[in-house]
Amino acid sequence: MKNLMILKIKGKNVKSFINKLSKNKINLYNIEYLNKDEINITIDVNDYQLLKQNKSTYEITIINYKGFNKIKNKIEKNFILITFILIGLALIITLSNIIFKVEVIYDEENIRTLLINELRLYDIDKYKFVKSFKEVEQIKKEIMNKYKDKIEWLEINRIGTKYEVRLELRKIKNENIENQEYEIVAKKDAVIKKIEASAGEKKKNINEYVKKGDTIIGSKISLNDNITGNVSAKGNVYGEVWYQVEASYPFVYKEEKLTGKSKILYGIKFLGKTFNLFDFKPYKNAKTKEKKLIYNQLIPLSLVKINIEEVNLVDEINTIEEATNKAIILARRRIEEDLTDKEYVISSKLLKREIKDSKIECVVFFTVYEDITEYKIVEELE
């Protein structure tokens, strides 16, 4: 790649100056006439000194460079900023390999303390350098062997500059747990649609209406109106239950919807402007949160951690029918988010709708196939 420079020549009769350059064997790679007294020319950097010797009364201004000299010129102009970025990059690489937090996720404080102290022996602690995957696996294996009678399962995950530790203790079976006697009752008002009884006696029938608390599968086994034995009822009961849900939807709707994609970057913040490092595929629309890692109140430079979430911009104008349908979908979604795989919405009906404050407000009636099983201790019922 040739090292070229673009110059502006200003003076009377610039054409004669061009001829003079040709006679001195100065190569002109490009000539751009701006007006009769001004031109832009492109020459080799090595010919610049010779051109200056022949300039006489002409005014010469350097406009730009091409090739390596262009890169060199930009580096010189932005030397301070580039220096700060390189220092920041070095800090980021160093800091991203230092542990700033060790968190043991477990309910009991004595277990958390035990694990934190144990990990400290292996240098998994605040302000220590992170371990390789192989080292972590070896540490995990050694702790498991040391506490094999206590710990059933142990996981040590690195999340950025934090280690997150999860564990499960071995369960000790208690053979002295007293067996309770249960009956199955209705969890809510419903019409019974299915009864699955693996133990106990059915007290209600399919398509029979029950109120909350009514016994459906009893623990007393009877024959010819005589109780022949007691068992703890087991099974599931499904019924048709009913809900009224209120939902509204605007005619003009704008929203920033998260796509679920996110990434964590590091950057240099200088004079209020953030320069992301290594963001090779930036999101078109995004929400960002910054956290300062290293900063000084007296210097307008800081190292920041940036959490970036991709968003889709939703902008729509709805008719009355469109807004109504979307309100019904919203109401249905509220019902379905609490249902299991075996439960489902049987039907829905719009009971009421009205326009209020630039939106449609609806009341929707739902019929739902739902598990209405609830276990009650027999003593409580008696």
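The values are calculated or read from the model by the stated rules, or taken from the named source; none is laboratory data. Keep in mind the model is a prediction, meaning the values are calculated, not measured. With ideal geometry, Cβ positions are generated from the backbone for all residues, glycine too; neighbour counts draw on all protein chains shown. Only protein heavy atoms, including side chains, enter the accessible area calculation; ligands, DNA and RNA are left aside. Shrake-Rupley method; radii C 1.70, N 1.55, O 1.52, S 1.80 Å.
Of the options Val378, Val45, Ile308, report the single residue whose Cα projects farthest towards the positive end of the charge dipole of the chain (beta-carbon charges: Lys, Arg +1; Asp, Glu -1).
Looking along the dipole axis, the top candidate is Val45.
Considering only protein heavy atoms, with the full assembly of protein chains and a 1.4 angstrom probe, order Tyr48, Tyr29, Tyr209 by accessible area, largest first.
Listed by decreasing accessible area, they come as Tyr209, Tyr29, Tyr48.
Tally Lys and Arg at +1 and Asp and Glu at -1 over the other residues with C-beta under 11 Å from the C-beta of Val14: what net charge comes out?
Once positives and negatives cancel, what remains is +3.
For region 251-382, what is the charge dipole size about the Cα centre, in debye to the nearest 20, if Lys and Arg each add +1 at the Cβ and Asp and Glu each add -1 at the Cβ?
For this selection, approximately 1300 debye.
What is the chain's relative contact order, in percent, from Cα pairs under 8 angstrom and six or more apart in sequence?
On the way: 685 pairs, mean separation 48.4, N = 382.
Over the chain, the number comes to 13 percent.
Want the number for Thr340 to Glu256: 0.36 nm per residue separation, take away the alpha-carbon distance, what's left?
So the extension gain works out to 27.3 nm.
Mind sorting out which of [x] 0.97; [y] 1.82; [z] 1.17 is the real Cα Rg over 2.2 N^0.38 Å computed from the coordinates?
Of the listed options [x] 0.97; [y] 1.82; [z] 1.17, [y] comes from this structure.
Would you mind putting 317-324, 74-81, 162-169 in packing order, based on average other-beta-carbon counts within 10 Å, highest first?
Ranking, from highest mean packing down: 162-169, 317-324, 74-81.
For the charge dipole of the chain, defined by +1 on Lys and Arg C-beta atoms and -1 on Asp and Glu C-beta atoms about the Cα centroid, which residue among Ile221, Val136, Ile268 has the Cα displaced farthest towards the positive pole?
Of the candidates, Ile268 comes out farthest on the positive side.
Per residue of the chain, what 222 nm ellipticity follows from adding -39500 (n - 2.57) for every DSSP H run with n ≥ 4, rounded to the nearest 500? Write down the numbers at each step before the final one.
Numbers: 8 runs with 91 residues, N = 382.
That calculation yields -7500 deg cm²/dmol at 222 nm.
Rounded to the nearest 20 Debye, what is the dipole magnitude of the chain about its Cα centre when Lys and Arg each give +1 and Asp and Glu each give -1 at the C-beta?
3780
Please compute the length gained on full extension between Lys289 and Asp214, using 0.36 nm multiplied by the number of residues separating them and subtracting their Cα-Cα distance.
So the chain would gain 21.7 nm between Lys289 and Asp214.
Quick one: grab the alpha carbon gyration tensor of region 279-382, order the square roots of its eigenvalues as a ≥ b ≥ c, and give me rounded if a/c is under 1.5, else prolate or oblate depending on whether a/b is larger than b/c.
Working: a/c = 3.26, a/b = 1.61, b/c = 2.03.
Here region 279-382 falls in the oblate category.
Around Met144, with a cut-off of 12 angstrom between Cβ atoms, what is the net charge of the other residues, counting Lys and Arg +1 and Asp and Glu -1?
Charge balance in the 12 Å sphere: -1.
Around Ile26, under 12 Å between beta carbons, what's the net of Lys plus Arg minus Asp minus Glu among the other residues?
Here the count lands on +3.
If the only charges are +1 at each Lys and Arg Cβ and -1 at each Asp and Glu Cβ, what is the size of the charge dipole of region 7-142 around the Cα centre, to the nearest 20 debye?
Once rounded to the nearest 20, the dipole reads 1480 debye.
May I ask for the angle, rounded to the nearest 10°, between helix 68-77 and the longest principal axis of the chain, with both axes built from Cα atoms and the value confined to 0 to 90°?
70
Looking at Asn205, Tyr249, Val185, which one has the Cα that reaches farthest to the positive end of the dipole of the chain (charges on Cβ: Lys, Arg +1; Asp, Glu -1)?
Tyr249
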